[in-house]
Amino acid sequence: MAGKTIGVLALQGDFSAHEGFLSELGLQTRRLRSASDCIGLDGLVLPGGESSAMLRLMEPENLFEILGGLIGEGMPVLATCAGVILLAKKVIPEQRSLGALDIDVERNAYGRQLYSSVEKLRRAEPEAAGVEGVFIRAPKILRMGPSVEVLAWRKDDPVLVRQGAMIAATFHPELGSDGWVHSLFLDLL
């Protein structure tokens with residue numbers, strides 16, 4: 001993976017933790033804050049944070065349209081928490097999204113920050129050990145299209161999904177100790 005550069009949206013949220021995991025996997029990262037930062041990338045990370053704040057902060061540099069174009073061309077993307085909201089086809093309550101991932105999500109579905117938790121997840125591979133997910137004001141996937149594959153659940157709720165070159169986690173894998181989700185992203189590259 002030497003020479004691969006991953007753009008990490010760095011407007012708001014815990015983007016630096018993603019950079020740490022990606023560096024451990026041997027990838028170079030570039031913080032995306034302007035249109036010129038988006039040139040020559042091999043993949044994207046849309047981190048957690050506050051999706052409505054990210055939308056506002058993307059406007060001056062036209063990043064919403066630029067990132068949407070890159071994703072539309074098939075660039076691999078890892079989205080976590082707010083990043084999943086940005087990718088979703090439909091968001092409840094309604095807000096602008098890229099509409100690239102065929103899911104409907106509800107923002108803050110598990111409650112306010114006070115109800116944040118670390119939960120055991122059940123992975124799709126029966127022989128795989130479970131992992132923990134850090135949930136902070138997490139979105140909930142309400143609907144999935146037929147091309148969306150579930151990779152992990154929190155109880156009965158899908159929390160990690162893949163569609164084509166997109167992996168989306170409603171939790172924060174960058175805040176856990178397991179690099180499993182970032183390794184899945186590496187496989188897309």
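Throughout, read-outs are computed from the coordinates displayed, never taken from laboratory work. Everything numeric here is computed off the predicted structure, so don't read it as measured data. Every residue, glycine as well, gets a Cβ built from its backbone with ideal geometry; the counts of neighbours run over all protein chains shown.
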Check: Sequence-distant or interchain residues sharing an amide H contact under 5 Å with Tyr110, placed H: which?
Finding: Ala138
Margin query: Can you compute 3J(HN,Hα) from phi for each residue in the stretch 84-94, using the Karplus curve 6.51 cos²θ - 1.76 cosθ + 1.60 with θ = phi - 60°, rounded to whole Hz and x for Gly and Pro?
Written below: 5, 4, 5, 7, 4, 5, 9, 10, 10, x, 4
Check: So what J values fall out for the stretch 140-150 if you push phi through Karplus, 6.51 cos²θ - 1.76 cosθ + 1.60 with θ = phi - 60°, rounded to Hz, Gly and Pro as x?
Finding: 10, 7, 9, 8, 10, x, x, 8, 9, 9, 8
Note to self: What distance in nm lies between label points placed 7 Å from Cα along the C-beta direction at Thr5 and Arg143?
What the structure shows: 3.9
Next item on the list: Set the Förster radius R0 to 22 Å, insert the Cβ-Cβ distance between Val118 and Asp156 as r into 1/(1 + (r/R0)^6), and round the FRET efficiency to 0.05.
Entry: 0.75
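With only Lys, Arg, Asp and Glu charged, each at its Cβ (+1 for the first two, -1 for the last two), find how big the charge dipole of the chain is about the Cα centre; round to the nearest 20 debye. The partial results should precede the final answer.
Values: 19 positive and 24 negative charges, 85 e Å.
It works out to roughly 420 debye.
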Next item on the list: Report the charge-dipole magnitude of the stretch 54-103 in Debye, nearest 20, computed about the Cα centre from +1 at each Lys and Arg Cβ and -1 at each Asp and Glu Cβ.
Entry: 180
Notebook entry, point to check: Once the dipole of the chain is set up with Lys and Arg at +1 and Asp and Glu at -1 on Cβ about the Cα centre, which of Gly43, Val91, Ala169 lies farthest towards its positive end?
Noted result: Val91
Check: Can you give the helix-only mean residue ellipticity at 222 nm for the chain, where every DSSP H stretch with n ≥ 4 adds -39500 (n - 2.57) and the sum goes over all residues, rounded to the nearest 500 deg cm²/dmol?
Finding: -6500 deg cm²/dmol
Check: Based on the alpha-carbon gyration tensor of the stretch 78-178 and its eigenvalue square roots a ≥ b ≥ c, which shape applies: rounded if a/c is under 1.5, prolate if not and a/b is larger than b/c, or oblate?
Finding: oblate
Check: Full extension from Glu24 to Ser36: what is 0.36 nm times the residue separation minus their Cα-Cα distance, to one decimal in nm?
Finding: 1.8 nm
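Restricting to the chain, compute how many DSSP beta bridges are antiparallel as a %, nearest 5. It would help to have the intermediate numbers written out before the result.
On the way: 20 of 39 bridges.
Percentage antiparallel, nearest 5: 50.
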Item checked: Per-residue HN-Hα couplings for the stretch 25-37 [Karplus 6.51, -1.76, 1.60; θ = phi - 60°; Hz; x = Gly/Pro] -> 7, x, 9, 8, 10, 9, 6, 9, 9, 9, 4, 5, 5
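Highest mean first, what order results for 3-12, 164-173 on Cβ atoms within 10 Å?
Result, highest mean first: 164-173, 3-12.
If you wrap the chain's Cα atoms in a convex hull and average its projection over all directions, what's the area in nm²?
Orientation-averaged projected area of the Cα hull: 9.7 nm².
At a threshold of 8 angstrom on Cα-Cα distance, excluding pairs fewer than six apart, so keeping six or more, what relative contact order does the stretch 5-188 reach in percent? Numbers along the way, then the final one.
Numbers: 399 pairs, mean separation 34.4, N = 184.
In percent, rounded to a whole number, it is 19.
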Notebook entry, point to check: Going 7 Å from the Cα of Ser52 in the Cα-to-Cβ direction, what parts of the stretch 95-112 have a backbone nitrogen less than 18 Å from that spot?
Noted result: 95-98, 105-112
Item checked: Virtual paramagnetic centre 7 Å along Cα→Cβ of Glu132, amide N under 18 Å, in the stretch 15-49 -> 17-18, 21
